[in-house]
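Engineer: Can you read through this structure? Questions will come right after.
The values are calculated or read from the model by the stated rules, or taken from the named source; none is laboratory data. The model shown is predicted, which means the values in this text are computed figures rather than measured ones. Only protein heavy atoms, including side chains, enter the accessible area calculation; ligands, DNA and RNA are left aside. Shrake-Rupley method; radii C 1.70, N 1.55, O 1.52, S 1.80 Å.
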Amino acid sequence: MRKNISLPSLTQKRSSSPSDKMMGDESRTYTVDDALAAVGFGRFQILVLAYAGMGWISEAMEMMLLSFVGPALQSAWNLSSREQSMITSVVFAGMLVGAYSWGVVSDKHGRRKGFLITAMVTSVAGFLSALAPNYTCLIILRCLVGIGLGGGPVLSSWFLEFIPAPSRGTWMVVFSAFWTIGTVFEASVAWFVMPTLGWRWLLAFSSLPSSLLLVFYRVVPESPRYLCLKGRTSEALRILEKVAKTNGKTLPPGILVSDHEVELNPKSMESEGAHLLSDNNYTDEKPEVIDHSKSNESTLAMLFSPELIKPTLLLWVVFFGNAFSYYGLVLLTTELHNGANNCDPNQSHSQGSPEVSYKDVFITSFAEFPGLIISAFTIDKLGRKGSMSTMFFLCCIFLLPLMVHQPQALTTFLLFMARICITTTFTVVYIYAPEIYPTSVRTTGVGVGSSVGRIGGMICPLVAVGLIHGCHQTAAILLFEFVIFSSGVCVMLFPFETSGRELTDSTVTETTTTLEVD
């Protein structure tokens, strides 16, 4: 009888021995999302946020300075209105090319290489713009700046891949705040620099933030999610260990595996389905997983795969509508005040461009802060789709009275409120877009969508300026209403909500079946 009793006790000792624990840990696995959830958002992510935010500030400053450089060069070099508008158009044209190009580079060769090249192009071309001897050289250099600025989505996707899923929405809104900081900072710099030192110094100062990205580039880590996707799990593990050490936390026990390996594992998918069932009492979601990580298709072709074509096309409309509306509202703020109420058949509209009021531009730049606050409060409570569609439709309501001339105070108020709405939708779409794409095409998908948005930015001056100058304010506002309302409808047609979801390395399509309860 003693033998029978002693054997279980011996077995108990063996199961609790360190070697058996180690073997038990080795049989367990965890993903990048599991690791990020374990280490949380801490000091390491704050450093990543500061670096990515500097890139976002750089892009905002380079875009904001267009409001100041154009009028200054028109008087300094005697430019025509078409030549002045070309200074802005070539930047958008360059961004259209760059957004796609750098997205492909970062998906194929890594996020770090993607934003290294963009920072180099932006900083060098931006500084050389300040030394441009003539109009032709300036146009070429500003186009190169635009190509570099097209890499903005690479930084946002890189930062996104370091954030734990539960806090992703909030911290992406914080990241978006760096754009507003950049616009306010550029307006303040222009306010002090332009009247005394001139436009060349403004261009030189505005190129400094992108130069800082190059200074700190050597210490910037690659995305562990990207490394896992490429099979470089040992490199990803070293980065995650550094994240855990910096945050004062520990990684989960077990072996790091790529997310798409887990997603393609039927057992893991079964447990994930059970988890989804517990979160959604009314549906039984059965995800079908398609692995793109080893596909021979080009990344652009993957965007038109049966699983991604619907969200891709819908995103294009939303990006177009956002850019068209955002830059259009900025221009309308000036045009409706300067020319809308002067539309008289006997009055000429060939007057020169009014001087820029740096003080007014500085003050109106603060209109974006309420949009960021609204984004932070609604993005997780209403979801990505709910917050975007609501703000698109509210924007339509605020613009509707401007179909006819209104007093200046009311016009300012309505445009201010409309800009808050568009700032909110712009912020949320840059959070939603990276979340719906798998890692293998994430920056390409966001980059191409951003490129389509740049087309909206290029043609909006034809509406905001051309129609208003032609005394067709009603037609201009109607076109804005159509674009914004269509964008809101497309948001409602998005296939799924991403709030609280983990990022994926493979395409997940969901089919919903009704539960039958006996």
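Engineer: Can you work out ³J(HN,Hα) from phi for every residue in region 196-203, in order, using Karplus 6.51 cos²θ - 1.76 cosθ + 1.60 and θ = phi - 60°, giving whole Hz and x for Gly and Pro?
Structural biologist: 10, 9, x, 5, 5, 5, 5, 4
Engineer: Just to check I understand the Karplus step: with θ = phi - 60° and J = 6.51 cos²θ - 1.76 cosθ + 1.60, what whole-Hz values come out for region 478-493, glycine and proline as x?
Structural biologist: 4, 5, 4, 4, 5, 5, 5, 5, 4, 5, x, 5, 4, 4, 5, 8
Engineer: With 31 Å as the limit, write out which pairs from Lys242/Lys385; Lys113/Lys249; Lys230/Lys381; Lys249/Lys385; Lys108/Lys310; Lys242/Lys381 have Cα-Cα distances beyond it, or answer none.
Structural biologist: Too far apart for the 31 Å limit: Lys242/Lys385; Lys230/Lys381; Lys249/Lys385; Lys242/Lys381.
Engineer: Just to check I understand the Karplus step: with θ = phi - 60° and J = 6.51 cos²θ - 1.76 cosθ + 1.60, what whole-Hz values come out for region 172-181, glycine and proline as x?
Structural biologist: My calculation for region 172-181 gives 6, 5, 4, 4, 5, 4, 5, 5, 4, 4 Hz in order.
Engineer: With viscosity set to 1.002 mPa s and temperature to 20 °C, compute the Stokes-Einstein D of region 74-157, Rh being the Kirkwood radius across alpha carbon pairs; µm²/s, no decimals.
Structural biologist: D = 163 µm²/s.
Engineer: Any chance you could look up the accessible area of Ser101 with a 1.4 Å probe, heavy atoms only, rounded to 10 Å²?
Structural biologist: Rounded to the nearest 10, that gives 40 Å².
Engineer: While we're on this one: Would you mind checking which residues have amide H under 5 Å from Leu303's amide H? H placed 1.01 Å from N; only 5 or more apart, or other chain.
Structural biologist: Under 5 Å from the amide H of Leu303: no residue qualifies.
Engineer: Two-decimal Rg/Rh of region 48-117 from alpha-carbon positions, Kirkwood Rh?
Structural biologist: 1.11
Engineer: Leu256's amide H: which non-local residues (gap 5+, or another chain) put their own amide H closer than 5 Å, with H modeled 1.01 Å from N in plane and none for Pro or chain starts?
Structural biologist: The list, which skips near neighbours in sequence, is Tyr30.
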